[in-house]
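Worksheet: one structure, shown below.
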Ligand code: AMP
């Protein structure tokens, strides 16, 4: 298996780049944000609980997200690899992911982090909010809350993977294609190391 994490703050382009990367590398896309939004749409108990956190710009509790990832693995037993998008978002989630993959005698090949300045991120999110129908993208106060949660709870995940020598920063500003090329060459380097 070849597993990748696409890391970066809200609005850094993880969703856009993930769609292209899963196509190119034949990976299964695992976006916890998308899975949570599906639960909300279907009005499941998990979705109704998660919505309270998402609407405030807070993280959904670790055990809920980890349980969801675990059952997604069960549904994709034949995957040749996963592209994790928006997960892990806390060190506890990263540790749980390492353990779940270890059970499959597997691990993370690389973490690719998209680097984008904060003012550009806010402009992108407010713009996305006009069309995405995402309530957490329309209110600037909620957006700012998501950034503060990112710097307090999610940034330490970078250190978790730096210690494992798996962390790579990629410039996330510029054209979608140029960013995709930079991501692809970082992945190809890693594939060569692994093969
Ligand atoms: P995203 O689509 O990745 O930006 O996620 C939207 C929202 O869903 C986040 O602001 C969180 O409230 C929630 N969420 C998504 N992924 C996670 C995660 N791994 N851990 C906790 N909350 C999450």
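The values are calculated or read from the model by the stated rules, or taken from the named source; none is laboratory data. Owing to the predicted nature of the structure, the values given are computational and were not obtained by experimental measurement. Cβ placement follows ideal geometry from the backbone for every residue including glycine, while neighbour counts extend to all protein chains displayed.
For region 84-101, a residue qualifies if it is touching a helix residue (DSSP H, G or I) at 6+ places or on another chain (Cβ under 8 Å) and part of a helix (DSSP H, G or I), and the qualifying residues are 91, 92, 93, 94, 95, 96, 97, 100.
Scanning region 36-61 for residues that are buried (at least 17 other Cβ atoms within 10 Å of the Cβ) and near the ligand (Cβ under 8 Å from one of its atoms) turns up 36, 37, 50, 54, 57, 59, 60. Scanning region 20-35 turns up no residue that is at positive phi and within 12 Å of the ligand (Cβ to nearest atom). Here residue 96 fulfils each of the conditions (1) within 10 Å of the ligand (Cβ to nearest atom); (2) without any contact (Cβ under 8 Å) to a residue 40 or more places away in the chain; (3) buried (at least 16 other Cβ atoms within 10 Å of the Cβ) apart from (1). Within region 131-142, the set of residues being assigned to a helix (DSSP H, G or I), farther than 19 Å from residue 41 by Cα and more than 10 Å from the ligand (Cβ to nearest atom) comprises 140, 141.
Could you go through region 72-80 and let me know if any residue there is within 14 Å of the ligand (Cβ to nearest atom), at pLDDT 95 or above, touching a helix residue (DSSP H, G or I) at 6+ places or on another chain (Cβ under 6 Å) and in a helix (DSSP H, G or I).
no
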